[in-house]
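A.B. asks: Right, I'll just put the structure down here and ask away after.
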Amino acid sequence: MRPTISIDLGAAYTKIAIRREPDSDSNLLSHEKFRLDDLHVCIPTIAAWRKSDDRWVFGDDAQDLVPSDDIYVFRNWKPLLFTPPEESLDPNSALGRMFYQSLHSATVHCKVENLAAGYFRWLLREMLPYMIGDQPCTDPVLRISVPDFAEDLDYDCEIEQILQKAGWNSPRVRTAPEPVTNLIGALSDGKNYMRDDNPDLADTGKILAESGLTLAPSQEEPFHILSVDIGAYTTDFAVFEIKDGFGTTLPPCRSQSAPFGIEMLDNLVKHGLAPRKGDLLGTLSSLDRESFRRCVYTEERTWSCNEQTFGEGNEMPIIEKCINGMSTRISNEVDEFLSACDVSRLDVAIFTGGGSNIPRITRNLANRLASKQVTTFLSSSLPENFPGARRLSQSVIRGASAIGGASVIFGEN
């Protein structure tokens, strides 16, 4: 079984994990130059092009740049690679029109396939050698986590062509649905075990039990685990149904992605504020945008930039309304998903992704899920006195999909 490199291409940040041997941990790769999180694992999914000399820069080299007549900054371009089908987001709806309007700047002067190839080439040539270090990683499997909008969408060929254009010559390029890699990463925390050349999922799930949960059902009813991963572009859902312990394969799993994430929340807030502030919000650098979200969304306090203060006066109620509206939309999607899966009772709910660091979002979701008889909520932002609340580490919050994509559970294929 070959080593695996797992890439979670996020709309805001990309995370990479590696598993070198079948039994070795899946570890997030980091670099001290990545300043957007304390773990240094969040790689900005940003590209910038300077028209005057046709120069491209990517990632951290582009994160502080602001657009000008000569500089074009490309953020949130992932949705152009993985555009949601109409059944997920009606282009003629209010949210659909806002979504597509927000993508307009990413289509100027550049085909998204070329932009993506340039970004992956930068990761391969300039970042991975420093992040992997001197330890060998020969002929690895490359696995990319992709949205799971609909069963009839197949991204494998398109992604493989982009990666080959970028210089990733491994013939073993695979894709996996983001909701599933996220759930596996959250439950395993990167642990891998083998028994008789197979992933060790027996004896109540040695790999998945690293979460500290008792996963073997003690009652006749199935044991259900739901994960909700709130990212910049999508919110991803997956549910495990465990009936009779584990064998050497995953228990039944259903998954789905919905195109509602923190970029959509930013757009709602942008349209709710005065035009001068909305325009400024749309041009913030990555560092400023992260600071805005932390102060205004998470800590619920004002934030200032360029002599403009966000959250003052009557703006906090407007922002509160936007957060509640986004939370309600995600909650409705979760309800419909669970209904389609015929799941009326949950044992565990897990909240991951950068959006799960916003207490008002996770609290609203947890309150809605309480009717499902959830006994354990795993998150980073629910208050300690919330019934069943347990803390998740930021490595899982930020990197579950990358960690899960490197899991030995997926094998070589």
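A.B. asks: When the dipole is taken about the Cα centre of the chain, and only Lys, Arg (+1) and Asp, Glu (-1) are charged at their Cβ, what size is it in debye, to the nearest 20?
C.D. replies: Here the size comes out at about 720 debye.
A.B. asks: Residue 51 versus residue 316, label points 7 Å from Cα toward the beta carbon: distance in nm?
C.D. replies: 4.2 nm
A.B. asks: What are the membrane-span-like helices in the chain by this rule: whole DSSP H runs, Cα extent along the axis at least 20 Å, mean Kyte-Doolittle hydropathy at least -1.0?
C.D. replies: Long hydrophobic helices here: 315-340.
A.B. asks: Continuing with the same structure: Relative contact order for the chain: what percent, with Cα pairs under 8 Å and sequence separation of 6 or more?
C.D. replies: 20 percent
A.B. asks: Please list, by residue number, everything in region 305-328 whose backbone N is under 13 Å from a paramagnetic label point 7 Å out along Cα→Cβ of residue 276.
C.D. replies: 305-310
A.B. asks: Something else now. By average Cβ neighbour count within 10 Å, what is the ranking of 186-193, 62-69, 137-144 from highest down?
C.D. replies: Result, highest mean Cβ count within 10 Å first: 186-193, 137-144, 62-69.
A.B. asks: So, one more: How much length is gained on full extension from residue 71 to residue 138, taking 0.36 nm per residue of separation minus their Cα-Cα distance?
C.D. replies: Value of the extension gain: 20.3 nm.
A.B. asks: In addition: Please sort by residue number the trypsin sites (Lys or Arg not before Pro) in region 1-72 whose DSSP state is loop and whose Cβ has at most 16 other Cβ atoms within 10 Å.
C.D. replies: Counting only loop positions with at most 16 other Cβ atoms within 10 Å, the trypsin sites (Lys or Arg not before Pro) in region 1-72 are 33, 35, 51.
A.B. asks: For the pair residue 304 and residue 1, how long in nm is the line joining their label points, each one 7 Å along Cα→Cβ?
C.D. replies: Distance between label points: 5.6 nm.
A.B. asks: Could you work out which residue, out of 362, 375, 14, moves most in a Gaussian network model of the chain, that is, has the largest mean-square fluctuation with Cα springs under 10 Å?
C.D. replies: 375
A.B. asks: Follow-up. How many Å² of accessible area per residue for region 248-403, probe 1.4 Å?
C.D. replies: Ligands and nucleic acids excluded, the figure is 41 Å² per residue.
A.B. asks: Now for a separate question. Tell me, in nm to one decimal, what length is gained between residue 332 and residue 94 on full extension, where the rule is 0.36 nm per residue of separation less the Cα-Cα distance?
C.D. replies: Gain on stretching residue 332 to residue 94: 84.0 nm.
A.B. asks: Which percentage, to the nearest 5, of the DSSP beta bridges contained in the chain is antiparallel?
C.D. replies: Given both bridge residues lie in the chain, the antiparallel proportion sits at roughly 65 percent.
A.B. asks: Further question on the same structure: Take peptides 278-285, 255-262 and line them up by average Cβ neighbours within 10 Å, highest first, as a rough protection proxy.
C.D. replies: 255-262, 278-285
A.B. asks: Moving on. With mean projected area of the Cα convex hull in nm² in mind, check (i) 34.0; (ii) 24.9; (iii) 19.9 and report the label derived from this structure.
C.D. replies: Matching entry in (i) 34.0; (ii) 24.9; (iii) 19.9: (iii).
A.B. asks: Which order do 77, 56, 303 take by accessible area at a 1.4 Å probe, largest first?
C.D. replies: Per-residue accessible area, sorted high to low, gives 56, 303, 77.
A.B. asks: Additional query: How would you order 329-340, 313-324, 288-299 from highest to lowest mean count of nearby Cβ atoms within 10 Å?
C.D. replies: Top of the packing list down: 288-299, 329-340, 313-324.
The values are calculated or read from the model by the stated rules, or taken from the named source; none is laboratory data. From a predicted model like this one, the values you see are computed outputs, not experimental measurements. Backbone-built Cβ (ideal geometry, glycine too); neighbour counts: all protein chains shown. These area figures cover heavy atoms from the full protein model, side chains too; ligands, DNA and RNA do not enter into them. Shrake-Rupley method; radii C 1.70, N 1.55, O 1.52, S 1.80 Å.
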